[in-house]
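Since the structure comes first, as structure tokens, the remarks are kept for the end.
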Amino acid sequence: MKRLLIENGTIINRGRRFVGYIEVVGERIVAVGEGKCSSRYDDFKGERIDASGCFVIPGVIDDQVHFREPGMTYKADIHSESIAAVAGGVTSFMDMPNTKPPATTHELLEWKYDRAAETSVANYSFYLGAANDNIDAIRKIDPKRVCGLKLFMGSSTGNMLVDDPDSLAAIFAESPVIIATHCEDEATIKANMEYFRARYGDDVTPSMHPLIRSAEACYRSSAKAVELADRYGANLHILHLSTEKELSLFENKPLEEKKITNEVCVHHLWFSDEDYAAKGNFIKWNPAVKSAADRSALRAGVLNGKVDMIATDHAPHTLEEKRKPYLNAPSGGPLVQHSLVAMLELSKQGLFPIEKVVEKMCHAPAIRFNVKERGFLDKGNYADIVIVDPLHSWRVKTDNILYKCGWSPFEGVEFRHKVAYTIINGSVVYANGVVNSDFRGKRLEFDR
């Protein structure tokens, strides 16, 4: 079996940092140690990587992406976006069901798994989508093979809004896996939109987006989801929190003890409503990027334990689509190539220790979703490893963006960390700017 030795790097794992080494045999980590390698490695037969001056961390697990396959592959596809993910240090992803057709049946869900086996460079899992009429399919989810159930409690996308009270009750009472919710109150959003359309007609602008898809719309829906989870004892994960008020719904205790959790996305930690003037539709997401005060509260939540994990909600659209007037431009943007370096940039600015970034992007998704043998640099785990150079500044430009859509909301930003290597299942898949696009990841498994 192939062997790999990573030496002299600053290893960050389980809240600790130390200079040391990692030995990999085949797909697994077989040794992790502090200091220099022992004499038994003097004649090591295999590949060596000298990680001197670099951080060595577990691969990022992104629990919320939209890779657009099937049905919207002109925007993105599993192959193209997994390449971008790997270049950004994301070694595993969990993809959402709002494709065309939506993955609300097991037949459609397994098609996506088969497609990923053929084309994904990273490890993968896919959510089944909830609908008003598919409780039988939900009951049949295999918890060991499927990451979770996606529930839209606001019609952010297509026709997947679940608004029937009996359907919601059945889902919260009977889902055998984590229920991951998109929470925005539809009635509030419609009323806000009617107000702005009456006042501005077709001249509604991106700066009004956080007032239309408001903080109150988010809080009402998230509070409803928490109430249903409490009532039925459900395992609930609220996606992409965007407001300070929503944080009041969550407890500050060890993640392993929680049945109701949340995530915050990179764009809600980076941007605020002050950025709409320059970025416009390119930072139009649902839920909306909100106030600087909300952003500050979310950043504080990362530190104080109210925020459980950090993800991307990677959701590409073409430049042509995003350049349309606000009312016609879709919400969402690409992020997986830049999520880790963006969080490390915030760390360099003094907002978070690097150990916290690793906790929220690598460890926490593995814990919350019970991902089997990943998320930690532990002996026996799959060797999903990222080596980051903290002294390599670079600027996001069109010619180094790997998303199929060809743009990034970070275009023009200079990052002061660069992913040097991404190792997946023991294989070097990305090295110094080059992705091995022929590599194929594995289907994630879950200890449930």
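The values are calculated or read from the model by the stated rules, or taken from the named source; none is laboratory data. As the structure is a prediction and not an experimental result, all values here were calculated from the model. Using ideal geometry, Cβ is built from the backbone for each residue, glycine included, and neighbour counts are taken over all protein chains shown. Note: areas computed on protein heavy atoms with side chains; ligands, DNA, RNA excluded. Shrake-Rupley method; radii C 1.70, N 1.55, O 1.52, S 1.80 Å.
Computed 3J(HN,Hα) for region 425-437, one whole-Hz value per residue from the Karplus formula 6.51 cos²θ - 1.76 cosθ + 1.60 where θ = phi - 60°, is 6, x, 10, 6, 9, 9, 8, 6, x, 10, 9, 7, 6, glycine and proline marked x. Ordering VAL434, ASN370, MET153 by the projection of their Cα atoms onto the charge dipole of the chain, which places +1 on the Cβ of Lys and Arg and -1 on the Cβ of Asp and Glu, puts VAL434 at the extreme positive end.
Magnitude of the charge dipole for region 310-437, about its Cα centre and with charges confined to Cβ atoms of Lys, Arg (+1) and Asp, Glu (-1), is about 120 debye.
With the cut-off at 1.5 for a/c, could you classify region 170-241 from its C-alpha gyration tensor as rounded, prolate or oblate? Note, shape of region 170-241 comes out prolate.
What number comes out for the charge environment of GLU216, summing +1 per Lys or Arg and -1 per Asp or Glu over other residues with Cβ under 14 Å away? If you can, show how the numbers build up before the last one.
Values: positive: LYS190, ARG213, ARG220, LYS224, LYS245, LYS290; negative: GLU184, ASP185, GLU186, GLU244, GLU246, ASP294.
Spelling it out: positives minus negatives among the neighbours equals 0.
Of the residues GLY301, GLY129, GLY89, which exhibits the maximal mean-square fluctuation in a Gaussian network model of the chain defined by a 10 Å Cα contact cut-off? Maximum fluctuation in the GNM of the chain, among the listed residues, is at GLY301.
Out of TYR74, SER125, PRO97, whose Cα points farthest toward the positive end of the dipole of the chain (charges: +1 Lys, Arg; -1 Asp, Glu; placed on Cβ)? Farthest towards the positive end: SER125.
When the chain is treated as a GNM with alpha-carbon contacts under 10 Å, the residue of PRO334, PRO254, PRO176 showing the greatest mean-square fluctuation is PRO254.
Note on SER82: accessible area approximately 0 square angstrom, rounded to 10, probe 1.4 Å, nucleic acids and ligands left out.
In this view, the solvent-accessible surface of CYS362, computed with a 1.4 Å probe and all protein chains in place, comes to about 0 Å². Starting from the Cα of GLU320, step 7 Å toward the Cβ, then list every residue of region 73-88 with an amide N under 15 Å from that point. Under 15 Å, as judged by backbone N against the label point of GLU320, lie 73-76 of region 73-88.
If you wrap a convex hull around the Cα atoms of the chain, how much volume per residue is inside, in Å³? Intermediate results must be reported in sequence, preceding the final value.
On the way: hull volume 57.3 nm³, N = 448.
Normalising the Cα hull of the chain by residue number yields 128 Å³.
Look at the alpha carbon pairs under 8 Å that are at least 6 residues apart: their mean separation over the length of the chain gives a relative contact order of 21 percent. A helix-only calculation puts the chain at -7500 deg cm²/dmol for mean residue ellipticity at 222 nm, using -39500 (n - 2.57) for each DSSP H run of at least four residues, averaged over all residues. Taking a point 7 Å from the Cα of PHE18 along the Cα-to-Cβ direction, the residues of region 44-73 with backbone N closer than 15 Å to it are 56. The phi torsions of region 91-106, fed into the Karplus equation with coefficients 6.51, -1.76 and 1.60 and a -60° offset, translate into couplings of 9, 9, 9, 10, 9, 8, x, 7, 9, 10, x, x, 7, 9, 10, 5 Hz, rounded to whole numbers, with Gly and Pro shown as x. Charge dipole (Cα centre; +1 on Lys/Arg Cβ, -1 on Asp/Glu Cβ; no other charges) of region 271-371 amounts to roughly 60 debye.
Among DSSP beta bridges lying fully in the chain, give the percent that are antiparallel, nearest 5. Could the numbers behind the result be given before it?
On the way: 34 of 68 bridges.
Taking every DSSP beta bridge within the chain, about 50 percent pair in antiparallel fashion.
The spacing between region 110-131 and region 338-389, judged by their C-alpha centroids, is 22 Å.
Each Lys and Arg Cβ is given +1 and each Asp and Glu Cβ -1; about its Cα centre, the chain then shows a dipole of about 700 debye. Comparing mean-square fluctuations of ALA191, ALA342, ALA217 from a GNM of the chain with C-alpha springs under 10 Å, the top value falls on ALA191.
Pairs with C-alpha atoms separated by more than 19 Å, drawn from the list LYS245/LYS306; LYS259/LYS306; LYS45/LYS372; LYS75/LYS144; LYS245/LYS290; LYS2/LYS360, are LYS45/LYS372; LYS75/LYS144; LYS2/LYS360.
The 3J(HN,Hα) values that the Karplus relation (6.51, -1.76, 1.60; θ = phi - 60°) gives for region 232-240 are, in residue order, 9, x, 7, 9, 10, 10, 8, 7, 5 Hz. Gly and Pro appear as x. Within the accessible area of region 144-199, what % is carbon and sulfur when the probe is 1.4 Å and the other protein chains stay in place? For region 144-199, the apolar C and S fraction of the accessible surface comes to 47 percent.
The heavy atoms of TRP270 offer some 40 square angstrom of accessible surface to a 1.4 angstrom probe.
If you wrap region 192-296's Cα atoms in a convex hull and average its projection over all directions, what's the area in nm²?
Details: hull surface 29.8 nm².
Value for region 192-296: 7.5 nm².
Distance between the 7 Å Cα→Cβ label points at GLU274 and GLU256: 4.1 nm.
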